[in-house]
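Inspection log for the structure reproduced underneath, given as structure tokens.
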Amino acid sequence: MKLVDMQVKEYLDVLKSDAPAPGGGSVSALAGAQGVGLFMMVADLTLGKEKYADYQEVCKNAKEKGMPLYEELVEGIDKDTEAFNLVAAAFKMPKATDEEKAARKQAIADGTLVSTEVPFRTMQLGYEGLMLAKTMIGKSNPNAASDLGVAILNLTGCIKGAWLNVKINLPGIKDEVKAKYYAEEGQKMFDEADGIAHELYNQVAESL
């Protein structure tokens, strides 16, 4: 059964067990989906209300652009666990002959690359979500300002958590060009998001 098809309690029980997956990557994707879902809720609580007429375009844009992010982040919850399972399966491959050793080594490398690509994409989605949430600060229903703040916290957790999952896999990437790309672009995205999220959180907190 897919993680996204589980009841919340069932998912949490699997999460807290000694099963190695789902782990931090799946949780990061879930945090991102929650963050996008929350700012979409705030948008819905703003749209169609005459007293928030000036905020309609901003919230409509956030909702429309947020939906594909939400959908991909939900998919990412299972993708991260599937990527981990690829690596775990590769390590269990036979290594009695030179051919088997070569095949196993390649499978581990391939799985490690996927296990880096998936959380990197989660980072990108979380970052895009954070930028959409930013547009809604002071331009959405003020009664839901705390929800927008929690959305920002979830998206920040998504980005930071996914970055940790990228970093832990970087040493296992054999393609130096790809490893360099993920390391540099990931760090850049992390640094930008960290500063922006801190500023946005303070703006929300001060508005309450």
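The values are calculated or read from the model by the stated rules, or taken from the named source; none is laboratory data. All figures in this text were calculated on a predicted structure; none of them were measured in a lab. As a convention, Cβ positions derive from the backbone with ideal geometry for all residues, glycine included, and neighbour counts pool all protein chains shown.
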Review point. Here are some residues: N143, N154, N165. Which one is surrounded by fewer than 17 Cβ atoms within 10 Å (Cβ to Cβ), part of a helix (DSSP H, G or I) and touching a residue at least 40 places away in the same chain (Cβ under 8 Å)?
Key: N143
Check your understanding: Picking from S17, S26, which residue would you name as being at negative phi, buried (at least 23 other Cβ atoms within 10 Å of the Cβ) and either not hydrophobic (A, V, I, L, M, F, W, C) or not in a helix (DSSP H, G or I) (or both)?
Key -> S26
Revision key, fill the gap. Given the conditions (1) in contact (Cβ under 8 Å) with a residue 60 or more places away in the chain; (2) crowded, with 21+ Cβ neighbours inside 10 Å, every one holds for G111 apart from (1)
Check your understanding: Which of the residues belonging to the range 168-200 are within 21 Å of A145 (Cβ to Cβ) and either in contact with a Cys (Cβ under 7 Å, 6 or more places away or on another chain) or surrounded by 15 or more Cβ atoms within 10 Å (Cβ to Cβ) (or both)?
Key -> A193, I196, A197, L200
Review point. Is it true that some residue in the range 83-94 is at pLDDT below 90, under 12 Å from the mean Cα position of the chain (by Cα) and more than 16 Å from L130 (Cα to Cα)?
Key: no
Point to revise | Residue check for D54: out of contact with any helix residue (DSSP H, G or I) (no Cβ under 8 Å at 6 or more places or on another chain), touching a residue at least 60 places away in the same chain (Cβ under 8 Å) and exposed (fewer than 13 other Cβ atoms within 10 Å of the Cβ) | key: yes
